[in-house]
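The values are calculated or read from the model by the stated rules, or taken from the named source; none is laboratory data. What you are looking at is a predicted structure, and each value in this text was computed from that prediction instead of being measured. Don't worry about glycine lacking a Cβ; one is built from the backbone with ideal geometry, like all the others, and counts go over all protein chains shown.
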Amino acid sequence: MKYNKWTVALAALGVVSFASAVNAEEKASPVMTALSSTTISGYVDTSAEWNPGTGNANLPPYKFNGANKADGFNLDVIQLRIDKPLDEQDWAAGYRADFWFGPDANTLGTTSAFANGGSSDFGIRQAYVALRAPVGTGLDLKMGVFDSIIGYESIEAGNNPNFTRSYGHSIEPQTMTGLLASYRFCDCLSASVGVADTWNSTINDRAFAPVNVAPYGPRTEAESYKAYMGSIALTAPDSMGFLSGSTLYAGAVNGFADVSLGGLSPNPATVTSYYLGATVATPVTGLRLGGSFDYIDIHPLNNDIWSLAGYLSYQATEKLSFHARAEYFKDKVADGLFRGALFAATPTKDRAEVVALTATVQYDLWKNVISRFEVRWDHSASGNNLFGGTVGGTPAEKNSVLLAANVIYKF
Amino acid sequence: MSHNAWTAVLAGAGMVSLPAAAWADEKPSALLTEVAPTTLSGYVDTSAQWNLGTGNANTPPYAFSGGKADGFNLNVVKLTLDKPADLKEDWGAGYKVDLLFGPDANALATQSTGNLADLGVKQAYVALHAPVGNGLDFKIGVWDTIIGYEVTESINNPNFTRSYGYTIEPPTHTGIQAAYQISEALSAIVGVADTFGPRINERAFPARAESYKTYLGSLTLTVPKSWGFLAGATLTGCIINGYNSSANAGANTGFGADQTSWYVGGSLNTPIKGLKVGAAYDYAGLSAQSLSGANYANAVALYASYQATEKLSLHARGEYATSDALTAANIPILGASKVVAATGTLQYDLWKNVLSRIEFRWDHAASGSPAYGGEAAGAAPTKKDSFILLANVSYKF
């Protein structure tokens with residue numbers, strides 16, 4: 001894959017996160033085709049997990065986790081990317097198609113509304129045409145299916161500092177079908193705005209009848225009802241010394257959603273997601289810090305769902321790196337519902353509050369391979385049992401501990 | 001993708017339509033893999049559609065229209081792996097695999113299980129060349145139908161939306177076909193397949209005998225170079241007969257029946273530079289296997305394309321379609337028993353390898369009853385006219 005100056009600029013927009021930027025610095029290993037600007041790349045993501053203790057009926061509900069991954073070996077996903085990035089021309093054009101194969105494709109949940117929302121071991125992560133118009137410094141457009149513009153972590157595990165995902169990532173919108181415009185005002189300021197069918201990940205979804213996607217039923221909004229999104233990114237210039245390259249990013253997405261996070265009533269509803277995140281370079285060589293705040297507002301409900309996370313990465317040697325994440329997640333949907341958004345199946349008095357600590361050691365022993373070990377501790381800070389047990393909805397523990405090995409080959 | 005002499009001949013056999021030929025003139029953007037003769041190509045097809053007025057419970061039911069009203073759409077991503085048979089060798093061999101990803105894969109409905117899915121095999125065949133006479137070319141596996149003016153790939157059609165003629169045609173078959181160039185002006189294709197398709201590996205039995213297959217044939221006349229401005233004009237006739245259990249193949253009651261489809265179509269250059277015209281007639285008859293079948297659907301369409309400048313082209317289609325066949329929900333398969341449709345498309349190729357066009361389509365229920373509109377799922381139609389304004393952006397690689 002080639003990275004031109006515009007890609008770097010868009011990376012500053014936060015579309016590529018802190019950790020992915022680290023990966024982007026590595027030499028990519030695409031299969032080059034005869035048409036030199038087009039590449040085929042991807043990765044195979046596998047893992048092995050040990051959940052100490054007995055009972056996997058109530059696991060921490062962060063994205064891509066589940067009973068089928070506990071205490072065993074896992075194929076997570078295979079991603080195949082066919083890509084022709086924008087070049088430097090005024091009227092440049094390109095495209096990207098990301099295909100997912102394997103268990104995580106089910107969680108991705110992009111199967112088109114045509115297929116009535118059914119899950120599958122195949123999914124389209126992204127499929128868009130990229131266009132540039134010579135407006136000002138250049139207006140970049142994406143039309144089709146593209147990743148959400150907000151969030152610190154990527155849905156691509158290899159681009160994240162940790163293997164397991166944060167709760168913040170788990171409550172963010174993931175995939176949009178629509179039109180996105182990105183513009184770079186100057187070296188230190190860039191922005192994106194977009195319009196999409198819905199907040200949901202379902203491709204070609206609609207907010208209005210007669211679209212009727214199981215299990216949520218018919219849509220109820222007007223035909224003109226769309227999802228809107230916007231973001232802005234500040235990047236510290238070279239003149240700021242060790243802070244050079246640090247970023248501050250803010251974004252919001254508003255639109256129709258199934259509110260599948262929670263299986264709530266009323267359902268579906270309009271939601272607004274807010275995100276604020278930053279990456280900070282430090283005077284210590286190899287040390288980087290990050291922080292993120294995610295908030296989701298489910299309009300018909302008096303909810304209080306948000307996540308605050310801090311990240312730390314230290315590149316000790318060329319091959320050895322350490323990554324830590326600490327997160328506080330509050331999951332209160334509405335008084336009297338006795339359930340949360342992610343903790344939907346867990347009686348939690350009136351809320352779930354979780355503290356999660358994750359530590360990862362990554363040692364890149366093999367070329368093109370990410371190999372890392374991770375320990376994660378999730379703790380119920382609200383005093384309720386949230387984890388463990390052998391019956392779904394009847395947790396027996398306040399703590400959940402996970403040991404995981406993750407091996408990813410990037411090609 | 002490489003295009004050899006035989007590909008050009010087969011294009012003349014009606015396999016590639018008027019605008020497709022225009023695309024074939026452009027330099028392809030295929031990708032050579034490390035296996036030198038194999039190419040990787042395809043496209044990403046997106047659109048944004050506005051259905052004027054309120055109510056999308058009943059939209060014009062032309063192919064690939066479902067679920068796309070009033071919003072942004074990924075239509076499909078197509079990947080093609082292709083190694084054409086080497087015609088310089090007496091016994092040349094090759095293959096082609098066309099994979100569709102995205103919502104349109106559901107509409108194509110080639111899944112061998114019969115279930116809807118965002119992944120579909122459009123074509124997957126072995127191509128063989130045998131040194132018989134001028135050379136006999138075989139395709140064994142899953143291949144596009146030999147019938148019709150328009151093709152499944154929207155980027156190869158003059159208009160983004162499909163005609164009713166295309167809608168009542170079968171899109172793919174599983175079987176074997178043989179193509180032969182009898183002379184410079186005459187070529188033929190014959191084939192046998194499991195069923196009308198498109199479901200891969202479908203069988204006609206137990207509804208029919210195990211030996212019951214679908215048979216197809218076509219003849220194409222190509223005007224020779226000595227005919228002046230008419231040179232290259234084509235006239236194609238096709239017929240397909242077999243068992244059709246699929247609602248996607250048209251003129252179908254949902255219970256399975258024997259179907260015969262006829263097609264006559266041609267494209268014509270004109271003395272006006274850049275102006276091409278075309279015409280197509282499609283007929284699908286059920287059970288009685290004649291032009292007065294128990295159930296039928298037919299469509300006649302006229303096409304005009306004008307290449308105004310290198311980047312700007314205009315495309316128009318007028319169509320009249322009738323049918324007495326109903327869906328399983330007792331709705332006319334064309335939306336109304338008589339439909340008039342007019343489509344105008346303005347294409348401007350602003351970006352390299354990108355097809356960008358704006359299209360306006362008007363469908364009119366000429367049977368006198370409303371066929372379109374209605375808001376809630378299952379609501380009765382309330383309008384006799386449907387107006388669609390859309391933008392289509394596709395990247396071809």
* Of the conditions (1) of a type in the set (Ser, Thr, Tyr); (2) touching a residue at least 24 places away in the same chain (Cβ under 8 Å); (3) farther than 26 Å from residue A:331 by Cβ, residue A:201 clears all except one; give me its number. => (3)
* Where in region B:66-156 are there strands (runs of 3 or more DSSP E), lying fully within it, with 3 or more residues that are within 9 Å of chain A (Cβ to nearest Cβ)? -> B:71-83
* Kindly indicate the residue of region A:217-232 that is in a strand (DSSP E or B) and more than 25 Å from the chain's Cα centre (by Cα) and also modelled with the lowest pLDDT among those meeting that condition. => A:217
* What about residue B:161, is it within 27 Å of residue B:357 (Cα to Cα), crowded, with 18+ Cβ neighbours inside 10 Å and touching a Pro at 6+ places or on another chain (Cβ under 7 Å)? -> no
* Among the numbered conditions (1) of a type in the set (Gly, Ala, Ser); (2) touching a Pro at 6+ places or on another chain (Cβ under 9 Å); (3) surrounded by fewer than 20 Cβ atoms within 10 Å (Cβ to Cβ), tell me where residue B:368 comes up short. => (2)
* **Residue in region B:377-389 that is within 21 Å of residue B:150 (Cα to Cα) and either not in a strand (DSSP E or B) or not polar (S, T, N, Q) (or both) present** => yes
* Structure fact -> Across region A:51-71, the tally of residues that are under 20 Å from residue A:158 (Cα atoms) and outside any loop (DSSP other than H, G, I, E, B) stands at 1
* Subset of region B:345-363 (residues that are surrounded by fewer than 20 Cβ atoms within 10 Å (Cβ to Cβ) and either in contact with a His (Cβ under 7 Å, 6 or more places away or on another chain) or under 25 Å from residue B:299 (Cβ atoms) (or both)) -> B:346, B:358, B:360, B:362
* Do we have residue A:273 as more than 14 Å from chain B (Cβ to nearest Cβ), modelled with pLDDT of 90 or more and either under 18 Å from the mean Cα position of the chain (by Cα) or closer than 30 Å to residue B:65 by Cβ (or both) here? -> yes
* Asked: Taking region A:173-201 as the search range and keeping residues that are in a loop (DSSP other than H, G, I, E, B) and surrounded by 24 or more Cβ atoms within 10 Å (Cβ to Cβ), which one is nearest to the chain's Cα centre (by Cα)?
  -> A:173
* Can you find even one residue in region A:121-142 that is in a helix (DSSP H, G or I), more than 14 Å from chain B (Cβ to nearest Cβ) and at pLDDT below 95? -> no
* Asked: Do we have residue A:155 as closer than 30 Å to residue A:363 by Cβ, in a loop (DSSP other than H, G, I, E, B) and more than 14 Å from chain B (Cβ to nearest Cβ) here?
  -> yes
* Tally time: how many residues in region B:345-361 are touching a residue at least 40 places away in the same chain (Cβ under 8 Å) and under 18 Å from residue B:150 (Cβ atoms)? -> 5
* To do: Please tell me if residue B:300 is of a type in the set (Val, Ile, Thr), farther than 18 Å from residue B:59 by Cα and not in a loop (DSSP other than H, G, I, E, B).
  => yes
* Asked: What's the number of the condition residue B:305 fails, among (1) crowded, with 17+ Cβ neighbours inside 10 Å; (2) modelled with pLDDT of 95 or more; (3) among the polar types (S, T, N, Q); (4) part of a loop (DSSP other than H, G, I, E, B)?
  -> (4)
* Asked: Which pairs do you get when a residue that is more than 7 Å from every other protein chain (Cβ to nearest Cβ) and crowded, with 22+ Cβ neighbours inside 10 Å, found in region A:88-99, comes within reach of a residue that is among the small types (Gly, Ala, Ser) and outside any strand (DSSP E or B), reach meaning Cβ atoms under 6 angstrom, with the pair 6+ apart or on two chains?
  -> none
* **Checklist (1) of a type in the set (S, T, N, Q); (2) without any contact (Cβ under 8 Å) to a residue 24 or more places away in the chain; (3) in a strand (DSSP E or B) applied to residue A:79, failing item** => (2)
* To do: Could you please give the count of residues in region B:313-348 that are at pLDDT 95 or above and either assigned to a strand (DSSP E or B) or of a type in the set (D, E, K, R) (or both)?
  => 21
* Could you tell me which numbered condition residue B:394 fails, if it satisfies all but one of (1) surrounded by fewer than 16 Cβ atoms within 10 Å (Cβ to Cβ); (2) within 14 Å of chain A (Cβ to nearest Cβ)? => (1)
* Structure fact -> Residue set B:378, B:374; condition small (Gly, Ala, Ser), crowded, with 17+ Cβ neighbours inside 10 Å and within 14 Å of chain A (Cβ to nearest Cβ); output residue B:374
* Asked: Which of the residues spanning region B:151-187 are without any contact (Cβ under 8 Å) to a residue 40 or more places away in the chain, in contact with a Ser or Thr (Cβ under 9 Å, 6 or more places away or on another chain) and of a type outside the set (Val, Ile, Thr)?
  -> B:175, B:185, B:186
